[in-house]
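Worksheet for the structure shown next.
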Amino acid sequence: MLTAALAWTLSIYIVFTTILSVHRFYAAVPYGDIWWFVRDMSEFRSHRIGLTFLWGLHSEHRLVLPRLILWIDLQFFRFRGLFAIFCSFLLQGSEALLLCFAFWRATKNNLPSKVAYAALVFGMMFSASQIENLVQPFQVQFPLAFFTASVSIFLTLRHCETPGGNWVAMILGLVAAACGTLSLGSGLLVWPVLLLICLVERASPRTLATATVAGVAMWIFYFIGYLTPPDSTNPWASLTHPISVAAFTFTFIASALSTTPSHLAGILGLFSLSIVALGFVLYARARSDSFWKSHAFFVYLALFIVGTALLAALARLNCGLEEAAAIRYRTPTLIFWASILGLGSSWWNETVGDVGRSLGTPILAVLFLITFVIPAQRMPIEHFARLSKQINDDSIALAFDATADVYGRLFDIRPDLVRDYTPFLRENHLSLFADRLFTARGESLTTLFIGIWPQACFGSFDRLQPVEDTAQQKGAVFGWGWLRNESYGPATIVLADASGTIVGLAHGMEPRRDVAAYFHNPKMLATGWSGYFHAEPTSRAITAYAVLPGGKTLCPLGEVGLQH
């Protein structure tokens, strides 16, 4: 139990690290592919398109349910992404509970093993190695697709193992499979897995017929109006390169353990796929054994994830092995390894005595978390720290029309979407424009703030950097600040001209090692700030004001003149 408690300590550390990282890196401004949804919602509200946009292809995916989640976020939560992020966390927590329930059903898994496995899967499901799927609202599709697929496999097995069948579970399982298919392209693979379950588990002809009809209908429905994306590899052409496909598949599965693709990925991939095929054949022969009956869920779930990796390899082979190790794929790979560890721990508990049974899973959980899960958090967190800085700066540049480059930085594939549909967000006070500060350009400071308290802070307005040599009235700003009473740097800085008109905004609490070194105070490390301004041609100087706690008063940090 002490070892299991240590596993929970590590798991709680992982969960809190991830939650804090998501909180730190959250940005309301849309980033990346979600601009396609912004376009569709703008067109829909203008009555230019109908509800068929929900069914439209996004690459090779039908994102019906993810689009509905984003629609709810837009309709009721100002499209700030918070509802979608909440759904992602809820789905990952539900996935962890489902895996725990499958493990707890085994009679030989004692209390220490159950407690330790729960710590292990919660740490894995909330690992920051998959932070892209937790912090970016558009990525809710990944937790949604794989949770619904897991539920479908679990419920179909429940039906097959119940004498006479459990048709409520079966129907709900088919509904869950349909939800997975309408969340991500890999959801198509859950139907062959369900048919395999019916065949191997010797379900009744009625069950097999029901699953077959539902699966065939869903596949036909999915491919109505389907167009192969231009950036995808032809799957049939990919099959002519089996070693490359195996390398991609192996890298996909192993990315949860190591983000560096192996030079032997092709050989390891062929070997691993052979082991998977052989292992499933042996399972099919031994399925009547009580151990395998109680752990069939882990077998089929792992098989589904391997199928997903193969499908991704066939469609993305031209992108290279770096694509296989992408952060967004970590969600399914973590589920895969949680299934494998569940099988391995249960097998251990079946074959050893009480002492080994009590120690095996807790030790495994601690070692796996320390060796693989915790180290895998660092690189994605560092990546999103840099990306978060860029997105936060871009949100200001977008709101204050400070630079045209921001359109490409927010969506490099189609910057025209950012330029054309930002007015839709602004006019409806959605996303970043739900924050009053992002719509305040041209307004007086007195409309948002009640007073100025010069003694509350000190700092410096270091410099401004025009975006063009000929455009001195807009550009980037930099400085540092310190709140005397709070003993930390300001989080938000407002920029105003000499008349008190708001002309820009900056984010604070950025690293400034030079400031901390000068004052010999390590607490003053996070005192830097940077942002953008867009002043009127008549403006002669800009003053930076720190927004004090409470959001109603300001403190001046410094002033910089504008050249004309």
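Looking only at residues of the range 444-460 that are under 20 Å from Leu525 (Cβ atoms) and in contact with a Pro (Cβ under 9 Å, 6 or more places away or on another chain), we find that the one that is most open to solvent (accessible area, probe 1.4 Å) is Gly459. Would you check if there is a residue in the range 482-495 being within 26 Å of Phe77 (Cβ to Cβ), surrounded by fewer than 20 Cβ atoms within 10 Å (Cβ to Cβ), touching a residue at least 12 places away in the same chain (Cβ under 8 Å) and not aliphatic (A, V, I, L, M)? Among the residues of the range 482-495, at least one is within 26 Å of Phe77 (Cβ to Cβ), surrounded by fewer than 20 Cβ atoms within 10 Å (Cβ to Cβ), touching a residue at least 12 places away in the same chain (Cβ under 8 Å) and not aliphatic (A, V, I, L, M), which makes the answer yes. Selection over the range 239-258 of residues that are open to solvent by 40 Å² or more (accessible area, probe 1.4 Å) and under 29 Å from Gln377 (Cβ atoms) gives a count of 3. The residues on offer are Gln465, Gln473, and the sole one that is open to solvent by 50 Å² or more (accessible area, probe 1.4 Å), of a type in the set (S, T, N, Q) and farther than 20 Å from Lys552 by Cα is Gln465.
The residues in the range 186-197 that are within 18 Å of Val140 (Cβ to Cβ) and either surrounded by fewer than 24 Cβ atoms within 10 Å (Cβ to Cβ) or among the polar types (S, T, N, Q) (or both) can be counted, and the count is 1. Criterion applied to Arg378, Arg426 was being open to solvent by 20 Å² or more (accessible area, probe 1.4 Å), under 30 Å from Ala491 (Cβ atoms), in a helix (DSSP H, G or I) and without any contact (Cβ under 8 Å) to a residue 12 or more places away in the chain, and the one residue passing it is Arg378. Looking only at the range 329-352, residues that are open to solvent by less than 10 Å² (accessible area, probe 1.4 Å) and either more than 22 Å from Met125 (Cα to Cα) or free of Cβ contacts under 8 Å to residues at least 60 places away in the same chain (or both) come to 1 in all. From the list Phe76, Phe53, Phe25, Phe37, which residue is of a type outside the set (A, V, I, L, M) and open to solvent by 40 Å² or more (accessible area, probe 1.4 Å)? Every option except Phe76 fails the conditions. Of the residues Ile69, Ile14, the single one that is open to solvent by less than 10 Å² (accessible area, probe 1.4 Å), outside any loop (DSSP other than H, G, I, E, B) and not basic (Lys, Arg) is Ile14. Is the range 483-491 home to any residue that is modelled with pLDDT under 95 and at positive phi? Looking for residues that are modelled with pLDDT under 95 and at positive phi, one finds at least one in the range 483-491, hence yes. For the range 529-561, taking the residues that are aliphatic (A, V, I, L, M) and open to solvent by 20 Å² or more (accessible area, probe 1.4 Å), the one that is nearest to Cys457 (Cα to Cα) is identified as Val547. Sub-9 Å Cβ pairs linking a first residue in the range 75-103 that is at positive phi and small (Gly, Ala, Ser) to a second residue that is assigned to a helix (DSSP H, G or I) and open to solvent by 20 Å² or more (accessible area, probe 1.4 Å), at least 6 apart or interchain, are Gly81/Pro137; Gly81/Phe138, ordered by first then second residue. Scanning the range 211-238 for residues that are surrounded by 13 or more Cβ atoms within 10 Å (Cβ to Cβ), in contact with a Cys (Cβ under 9 Å, 6 or more places away or on another chain) and either of a type outside the set (Val, Ile, Thr) or modelled with pLDDT of 90 or more (or both) yields a total of 2. Condition check for Ala326 on (1) touching a residue at least 40 places away in the same chain (Cβ under 8 Å); (2) within 13 Å of Ser244 (Cβ to Cβ): one failure, at (2).
Regarding Asp416, is this residue surrounded by 17 or more Cβ atoms within 10 Å (Cβ to Cβ) and either within 26 Å of the chain's Cα centre (by Cα) or among the acidic types (Asp, Glu) (or both)? In short, no.
Scanning the range 72-86 turns up no residue that is in a helix (DSSP H, G or I), farther than 17 Å from Val140 by Cβ and among the aromatic types (Phe, Trp, Tyr).
Considering only residues of the range 262-278 that are in a loop (DSSP other than H, G, I, E, B) and open to solvent by 60 Å² or more (accessible area, probe 1.4 Å), which is modelled with the lowest pLDDT? The qualifying residue modelled with the lowest pLDDT is His263. Pairing each residue of the range 168-188 that is closer than 18 Å to Ile69 by Cα with any residue that is open to solvent by 10 Å² or more (accessible area, probe 1.4 Å) and among the acidic types (Asp, Glu), provided the two are 6+ apart or on different chains, yields C-beta distances under 8 Å for Gly185/Glu60.
The values are calculated or read from the model by the stated rules, or taken from the named source; none is laboratory data. Quantities reported herein were computed from a predicted structural model and do not represent experimental measurements. Cβ: placed from backbone, ideal geometry, glycine included. Neighbour counts: every protein chain shown. Accessible surface is based on the protein model in full, side chains and every heavy atom, while ligands, DNA and RNA are left aside. Shrake-Rupley method; radii C 1.70, N 1.55, O 1.52, S 1.80 Å.
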